[in-house]
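The values are calculated or read from the model by the stated rules, or taken from the named source; none is laboratory data. Keep in mind the model is a prediction, meaning the values are calculated, not measured. Cβ sites come from the backbone with ideal geometry, for glycine too, and all protein chains shown count toward neighbours.
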Amino acid sequence: MAMAAKSWDQLLSQGQKQKLVLARILLLRPGLLFLDEATSALDTQAAYAFLQTITDRFRDATVIAVMHDVSPIQ
């Protein structure tokens, strides 16, 4: 009986996928960062920590963020 192998992205939750992408951003350090609902699958504490990290590490970059839930930045 053959079992279909799942790719890595099928094994991760949406929040885990977002955290992986955010880790890549931190490693690449782009000069322009566009965040579209980057914290939507994160809990409030993780979203706050992410935004604090972006603020600290991308002081010299242009950061554009689109969010519907602004509670992590208040």
Problem set entry | Selection within the stretch 15-38 - modelled with pLDDT of 85 or more and surrounded by 16 or more Cβ atoms within 10 Å (Cβ to Cβ) | I25, L33, L35
For this session: Filter the stretch 10-51 down to residues that are within 15 Å of V70 (Cβ to Cβ), assigned to a helix (DSSP H, G or I) and polar (S, T, N, Q), then give me how many there are.
Result: 1
Problem set entry | Residue count for the stretch 52-74, restricted to those that are among the basic types (K, R) and either under 8 Å from the mean Cα position of the chain (by Cα) or not in a loop (DSSP other than H, G, I, E, B) (or both) | 1
